[in-house]
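Engineer: Pasting a structure here, questions to come.
What follows is calculated from the coordinates using simple rules that are stated; it is not laboratory data. Note that the structure is predicted; figures quoted are calculated from it, not measured. When we count neighbours, we look across all protein chains shown, and the Cβ atoms used for this are built from the backbone with ideal geometry, even at glycine.
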Amino acid sequence: MWKSYDDYIDVLRAISEPTRFRLTRLCAQGELTVSELMRIVGQSQPRVSRHLKLLQDAGVLESFREQHWVFYRVAQNSPSQQLVSDLLQHLPADDDSMDLDQTRLNELRDARAKLSEEFVETEVPDWLRLHEYHGDELRFGDAVRGALGGREVGHLLDIATGTGRMLKIAGPLAESGVGIDLSKKMVMVARNALAEADLPHLTVRQEDMYQMRFPARHFDTVTIDQVLYFASNPDALIREATRVLKPSGRLLLVAFTEAANAKTPPAVSIAISDIRSWLEDAGLKIVTTNVLPGDVLDISLLVSEKSKDR
């Protein structure tokens, strides 16, 4: 809801300038830096930066810094977001300027995708081999959606998002969401995955999962997908996840656990009793547990809830 008529007019005035409308349309499709926007619209850095500042001052765009870069996107969970969405639905089907912008954006995304693919293939192949134990992806996706069903996901946080797999599954259920990862390159991979999946209401940030910069009681839902086996301090991770979770918020934790008949399970398995202990020590109440059986490893999905008083 708009605070005032003047705010509404300010947003319309900001968007109505041709270059700013082009920038708004581009930023509605995902997160872009000033240099990327310069290449797409073919204008100088000072001019593009000025347009972006006017759009941000009007509440049309929001930005965040990631090391040396500043990313822009349409402001989430704001009246401007719905207005921009409505305006873009009524664009003419054919426009040379918009078509050229889209072509350049697609080329930029293709370049991002190539860099992401090269990184994954050369630097994390051992990590990706663990996906062999995930079994059927459709079954896993259904299990995640089932675990999060029955309540709104709301504002979502995915910790150590990696390739963005959990964001792609749970993100469509969320109003907004953030994936974090300490690796700058994995953030790039996940950001590209969100663009390919057309999930512009989600974002990815570089963060230390043990010391996140989010305020306490900030997220409705937190997910931790296959992170515990490489976490140096799993109980500290769960306590930090609990800190940023709202009262009555939910934590979905996914982990490899030993299969019942496995003789020599891989070292990535976690004892489910340890997981339960960490969750309970953090003050969370386990509400559901679903185990997807595997030949070597099971996949356990535990949903726990933070009390209303915390």
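Engineer: Rounded to the nearest 0.05, what FRET efficiency do Arg239 and Leu100 have when you use their Cβ-Cβ distance and R0 = 51 Å?
Structural biologist: Given R0 = 51 Å and the Cβ-Cβ separation, E is 0.50.
Engineer: List the aspartates and glutamates whose Cα sits under 13 Å from the Cα of Lys168, skipping any in the same chain fewer than 8 residues away.
Structural biologist: Partners within reach: Glu137, Asp142, Asp158, Glu196, Asp198, Asp225.
Engineer: Can you flag which of Lys185/Lys308; Lys3/Lys308; Lys3/Lys285; Lys53/Lys308; Lys114/Lys306 are past 32 Å Cα-Cα?
Structural biologist: As for pairs spanning more than 32 Å Cα to Cα, those are Lys185/Lys308; Lys3/Lys285; Lys53/Lys308; Lys114/Lys306.
Engineer: Given 0.36 nm per residue, what is the gain on full extension from Ser4 to Asp309 after removing their alpha carbon distance, in nm?
Structural biologist: 106.3 nm
Engineer: What share of all Cα pairs of region 5-111, in percent, falls into each consecutive 10 Å distance bin?
Structural biologist: With a bin width of 10 Å, the distribution comes to 14, 50, 32, 4, 0.
Engineer: Need one number: % antiparallel among DSSP beta bridges in the chain, to the nearest 5.
Structural biologist: Roughly 55 percent of the DSSP beta bridges within the chain come out antiparallel.
Engineer: A follow-up question, please. Where both residues lie in region 5-111, what percent of DSSP beta bridges are antiparallel, nearest 5?
Structural biologist: Within region 5-111, antiparallel bridges account for around 100 percent of the total.
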